[in-house]
1. Residues of the range 51-73 being under 16 Å from His108 (Cβ atoms) and either among the small types (Gly, Ala, Ser) or surrounded by 17 or more Cβ atoms within 10 Å (Cβ to Cβ) (or both), which ones?
2. Any chance the range 34-42 includes a residue that's modelled with pLDDT under 90, surrounded by fewer than 17 Cβ atoms within 10 Å (Cβ to Cβ) and under 19 Å from Leu127 (Cβ atoms)?
3. Mind counting the residues in the range 94-105 that are in contact with a Leu (Cβ under 9 Å, 6 or more places away or on another chain) and more than 16 Å from Trp24 (Cα to Cα)?
4. Among the residues that make up the range 110-124, is at least one of them assigned to a helix (DSSP H, G or I) and touching a Leu at 6+ places or on another chain (Cβ under 9 Å)?
5. Tell me, yes or no, whether the range 96-110 has at least one residue that is open to solvent by less than 50 Å² (accessible area, probe 1.4 Å) and within 17 Å of Arg143 (Cα to Cα).
6. For the range 117-136, give me each residue that is farther than 25 Å from Gly67 by Cβ and either surrounded by fewer than 21 Cβ atoms within 10 Å (Cβ to Cβ) or of a type in the set (Asp, Glu) (or both).
7. Only one of (1) of a type outside the set (Val, Ile, Thr); (2) crowded, with 19+ Cβ neighbours inside 10 Å; (3) modelled with pLDDT under 95; (4) more than 18 Å from Val75 (Cα to Cα) fails for Ser164. Which number is that?
Amino acid sequence: MTTSAPAPAGAPDLAWPVVGFRQWRLVGGVLKSMFVAGDWLEAEQRARCYAGRHDDAEVPAKECSCGIYAYYDQVPRMASAGTRELVAGVVVLWGQIELHATGMRAEHARLVALELPISRGRKRRDLVAAAERLSVAVVPHRRLRASAEDDGLPIGPELRPRASLDPYQHGGTLPSVPWEALAPERRKRYRRRIIPRG
């Protein structure tokens, strides 16, 4: 399995899966992508272009926002704690990978572990049930990084691109998700913010 990740000049192609961190929305016991209309019904995922701009074999495309997104570093412990639906976890990525200043997007991903919510209650029960269906571990925040040590390696700071003013240039920030690819719930929220009532 070869990971092809664009990297700064002189950096080697990666020949191992890469560890990344991300968040999902937990809705009705199902993990959903944060922004696009994609459900994680299996632990292993292959990216597709939800906007339909090109063939899925080209995902992630440089001029598009497609791909499975992940951060280089672990999501802060309290980033999901105050919400009913946000949950964090660790994945491994492989195949075509685009490295950006703020994170990565990849062709393939496998969920390794989900982070146990701080408080007991419905969110925790729903997350544990979802993890069982996906056959992945649920671990405390402090053990999340270690749970992926046998599955891949992190991208060190020396391989992470610096920010660029051009969002589509290698090393820049990740492009925004196109309107037609947004999950229906996200469209409703943004429409409320953009179009004033009255």
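The values are calculated or read from the model by the stated rules, or taken from the named source; none is laboratory data. Just so it is clear, the model here is predicted, and its values are computed rather than measured. A quick note on method: Cβ atoms are made from the backbone with ideal geometry, for glycine too, and the neighbour counts reach across all protein chains shown. Accessible surface is based on the protein model in full, side chains and every heavy atom, while ligands, DNA and RNA are left aside. Shrake-Rupley method; radii C 1.70, N 1.55, O 1.52, S 1.80 Å.
1. Ala57, Val59, Pro60, Ala61, Cys66, Gly67, Ile68, Tyr69, Ala70
2. Yes, because at least one residue in the range 34-42 is modelled with pLDDT under 90, surrounded by fewer than 17 Cβ atoms within 10 Å (Cβ to Cβ) and under 19 Å from Leu127 (Cβ atoms).
3. Total meeting the criteria: 7.
4. Looking through the range 110-124, at least one residue is assigned to a helix (DSSP H, G or I) and touching a Leu at 6+ places or on another chain (Cβ under 9 Å).
5. Scanning the range 96-110 turns up no residue that is open to solvent by less than 50 Å² (accessible area, probe 1.4 Å) and within 17 Å of Arg143 (Cα to Cα).
6. Ile118, Ser119, Arg120, Gly121, Arg122, Lys123, Arg124, Arg125, Asp126, Val128, Ala129, Glu132
7. (2)
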